[in-house]
Amino acid sequence: MKVLILNDPEAAIERAGDIVSEAVRARPRTVLGLATGGTMLPLYDDLVARHDAGSLSFAGATTFNLDEYVGLAPDHPCSYHRYMREAFFDRVDLDRARTHLPRGDVADPQGEAEDYERRITEAGGIDLQILGIGRNGHIGFNEPTASLGSRTRIKTLTDDTRRANQRYFSSFEETPRHAITIGVATILDARATLLLATGEAKAEAVARMVEGPLSAACPASALQLHPNATIVLDAGAASSLTLRSYYETVHPGGQDSAFD
Ligand code: GLP
């Protein structure tokens with residue numbers, strides 16, 4: 001794992017923005033895996049700013065989001081469809097026909113999940129998978145004990161995750177119990193992964209991901225198996241790492257180095 005530690009959240013966002021921009025410029029027809037959550041909002045703002053400045057175009061790109069709540073229609077104010085339109089899709093030159101999220105409101109969500117996995121395969125797989133991390137170590141909605149060999153399917157959300165996401169809904173009861181999420185194995189199939197975490201609330205999950213045992217108890221730890229996984233952190237999210245000074249020596253200021 002390439003662990004890049006930046007001083008503050010703003011620098012971490014900019015570093016993640018650099019990595020996404022380089023991938024899109026290197027391969028304009030890139031297939032991006034996209035994530036939602038509060039952490040990603042400033043990253044989308046950063047990418048939109050680069051697009052507005054004329055230095056970045058998504059016109060040739062294809063996107064696949066990680067997940068969607070079961071039961072929410074695309075126009076529901078708390079759906080990830082809506083989040084993506086407002087945070088990113090409506091603000092850049094992406095071809096909307098090539099943006100994909102699983103539909104949470106279909107009669108057969110499991111069939112939709114299988115179809116979504118097929119669509120990713122037909123697109124040639126994901127070039128760069130962007131990820132956040134849940135406080136319990138989830139990636140996408142792959143909750144603790146999710147199979148590390150899993151594919152896109154329906155997952156039951158933990159109460160911890162529902163409490164964390166309750167802020168978007170009117171109450172805990174209103175917060176969905178299930179989501180369609182791409183699997184851990186689907187994530188590991190991406191040619192590169194980029195996980196962004198900011199703030200001390202993520203420090204423990206980050207330490208378990210990077211330095212803990214490879215375990216379904218922390219699904220993000222599966223990234224230890226990925227040959228091209230980059231983790232971008234601010235000081236808060238890096239604060240529980242035992243080998244922090246080693247990562248800072250290898251990647252001073254969170255920059256690339258010849259030898260990881
Ligand atoms: C949700 C999403 C994840 C995201 C996580 C963290 O559960 N399914 O993809 O990484 O939240 O969100 P936040 O960035 O708001 O802490």
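The values are calculated or read from the model by the stated rules, or taken from the named source; none is laboratory data. Just so you know, these numbers come straight off a predicted model, no measurement behind them. Note: ideal-geometry Cβ built from the backbone for every residue, glycine included; neighbour counts use all protein chains shown. Calculation scope for accessible area: heavy atoms of the full protein, side chains included, ligands and nucleic acids excluded. Shrake-Rupley method; radii C 1.70, N 1.55, O 1.52, S 1.80 Å.
General remarks:
- P(r) histogram, all alpha-carbon pairs of the range 184-260 included - 10 Å bins from 0, percent: 18, 52, 29, 1
- Phi to ³J(HN,Hα) by Karplus 6.51 cos²θ - 1.76 cosθ + 1.60 over the range 80-85, Hz, x for Gly, Pro: 6, 4, 5, 3, 5, 4
- HN-Hα J in Hz across the range 167-176 - Karplus 6.51, -1.76, 1.60, θ = phi - 60°, x for Gly and Pro: 4, 8, 10, 7, 7, 4, 4, 6, 6, x
- Within the chain, antiparallel bridges make up roughly 25 percent of the DSSP beta bridges whose residues both belong there.
- Accessible surface of the chain, 1.4 Å probe, proportion on carbon and sulfur as whole %: 50 percent
- In loop segments of the range 124-233 as defined by DSSP, the GluC sites (Glu not before Pro) with at most 10 further C-beta atoms inside 10 Å of their C-beta are 173.
- Per residue, the chain exposes an accessible area of 42 Å² to a 1.4 Å probe, with every protein chain left in place.
- Extension gain for the segment residue 171 to residue 228, taken as residue separation times 0.36 nm less the Cα-Cα distance, is 16.6 nm to one decimal.
- Amide H partners (placed H, <5 Å) of residue 194, local residues excluded: 129, 130, 131, 230
- With K and R counted +1 and D and E -1, the other residues having a Cβ less than 15 Å from that of residue 155 yield a net charge of -4.
- Per the Debye formula on identical point scatterers at the alpha carbon atoms of the range 96-151, with no solvent, log10 I(q)/I(0) at q = 0.19 Å⁻¹ is -0.90.
- Counted without the sites themselves, the longest stretch of the chain free of chymotrypsin sites (Phe, Trp or Tyr not before Pro) in a DSSP loop having at most 14 other beta carbon atoms within 10 Å is 1-171.
- Convex hull of alpha carbon positions in the range 42-133: directionally averaged projected area 6.4 nm².
- Viscosity 1.567 mPa s, 4 °C: Kirkwood-radius Stokes-Einstein D of the chain over Cα pairs, µm²/s: 71 µm²/s
- J(HN,Hα) series, the range 219-229, from Karplus relation 6.51 cos²θ - 1.76 cosθ + 1.60, nearest Hz, glycine and proline x: x, 5, 5, 4, 5, 4, 7, 7, x, 9, 10
- For residue 3, the residues whose modelled amide H falls within less than 5 Å of its own, excluding neighbours fewer than 5 places apart on the same chain, are 231.
- Value at 222 nm in deg cm²/dmol, rounded to 500, when DSSP H runs of n ≥ 4 in the chain each add -39,500 (n - 2.57): -9500 deg cm²/dmol
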